[in-house]
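Here's the structure, in structure tokens; my notes come after.
The values are calculated or read from the model by the stated rules, or taken from the named source; none is laboratory data. All values derive from a computational prediction rather than experimental measurement. All Cβ positions, glycine included, derive from the backbone under ideal geometry; neighbour counts span all protein chains shown.
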Amino acid sequence: MLKQQNVPRHVAIIMDGNGRWAQRQGEARVFGHHSGATRVREVVETAGNMGVDYLTLYAFSEENWRRPDEEVSALFSLLITYLKGEVERLHENGVRLKSIGNIDRLPVDCQEWLKHVEVRTANNQGLTLVLALSYGARSDIVRACQSLAADVKNGLLDPSQIDEALLHSRLSTSLLPEPDLLIRTSGEQRLSNFLLWEMAYTEFYFTQVHWPDFSKEDFAAALSVYAERERRFGGLITP
Ligand code: FPP
């Protein structure tokens, strides 16, 4: 059991390897996404039980729109199945659902289910589960810059007033603390346009395990490694 002060407040996960996991067994890629959804249920529960406050899952990137239509629609119907099937359990467990990304681009039924679960769980005080959907960090930063530029144009803001805190306040993650720990499964070691601004001082944890095999124990192991890290945020070690 980790001491609460060593538990990351915010964990972000790139759930990678569903397709390879399925293909390795001679199955279609979608089979991997189905098994991946089961892992989402487990990890949400484990994160809450271990005292994590925020869990952000990269469920669909802006770049994922380039996948075949069949896979894209399978992912969204899987998401709806998850939301429908989990809403009451999430609520009972005190989980609050949020989403970030270009949500307007999602199929309408998917948007409606997201809204429904967000409203149903809005007052919960436990884990905040953030789904990144049609999310890209660069375009989120661009949108924030556009909103600042519009304020400058309208005389509401002077360019000298723009600082890191103000830019951050215009990002879709403005209400979230910065991630303490990023986990990426399946051996890839890159950020893939996920939370670029927010992860300036995040600790990274990469594992070879594919997402559909990522167990509660694997999640706990990542948190144990994190607990041993020394975070200096660019400063010096204090004696
Ligand atoms: C990356 O694996 C995974 C995704 C693009 C989708 C993640 C979706 C889920 C885990 C299931 C549904 C989500 C929720 C929140 C219920 P990949 O397909 O890129 O794998 P590969 O690198 O092996 O091709």
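Here are the numbers for the structure shown:
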{"quantity": "All positions within region 98-117 that are within 13 Å of the ligand (Cβ to nearest atom) and farther than 16 Å from SER134 by Cα", "calculated": "VAL117"}
{"quantity": "Yes/no for SER77 being closer than 23 Å to HIS210 by Cβ and either at pLDDT 95 or above or crowded, with 16+ Cβ neighbours inside 10 Å (or both)", "calculated": "yes"}
{"quantity": "Residue list for region 19-64, restricted to those being over 30 Å from GLN4 (Cα atoms), in contact with a strand residue (DSSP E or B) (Cβ under 8 Å, 6 or more places away or on another chain) and away from the ligand (no atom under 11 Å from the Cβ)", "calculated": "GLU62"}
{"quantity": "Cross-chain or 6+ apart pairs with Cβ under 6 Å, region 198-224 first and polar (S, T, N, Q), then buried (at least 19 other Cβ atoms within 10 Å of the Cβ)", "calculated": "THR202/PRO179; THR202/LEU182; THR207/THR185"}
{"quantity": "Pairs with Cβ under 7 Å, 6+ apart, first in region 5-26 and at positive phi, second within 8 Å of the ligand (Cβ to nearest atom) and at pLDDT 95 or above", "calculated": "GLY17/SER186; GLY17/HIS210; GLY17/TRP211"}
{"quantity": "Selection within region 61-100 - closer than 24 Å to GLY126 by Cα and aromatic (Phe, Trp, Tyr)", "calculated": "TYR82"}
{"quantity": "Pair list, Cβ < 6 Å and 6+ apart or interchain, from region 29-40 residues that are part of a helix (DSSP H, G or I) to residues that are buried (at least 18 other Cβ atoms within 10 Å of the Cβ) and polar (S, T, N, Q)", "calculated": "GLY32/ASN18; HIS33/ASN18; GLY36/ASN18"}
{"quantity": "Where a residue in region 167-195 is acidic (Asp, Glu) and its partner, wherever it lies, is within 16 Å of the ligand (Cβ to nearest atom), with Cβ under 6 Å and at least six apart", "calculated": "GLU188/ASP16"}
{"quantity": "Region 106-121 - residue that is more than 18 Å from the chain's Cα centre (by Cα) and loosely packed, with under 15 Cβ neighbours inside 10 Å and, of those, farthest from PHE60 (Cα to Cα)", "calculated": "VAL119"}
{"quantity": "Members of region 1-18 found to be outside any helix (DSSP H, G or I) and away from the ligand (no atom under 15 Å from the Cβ), listed by number", "calculated": "MET1, LEU2, LYS3, VAL7, PRO8, ARG9, HIS10"}
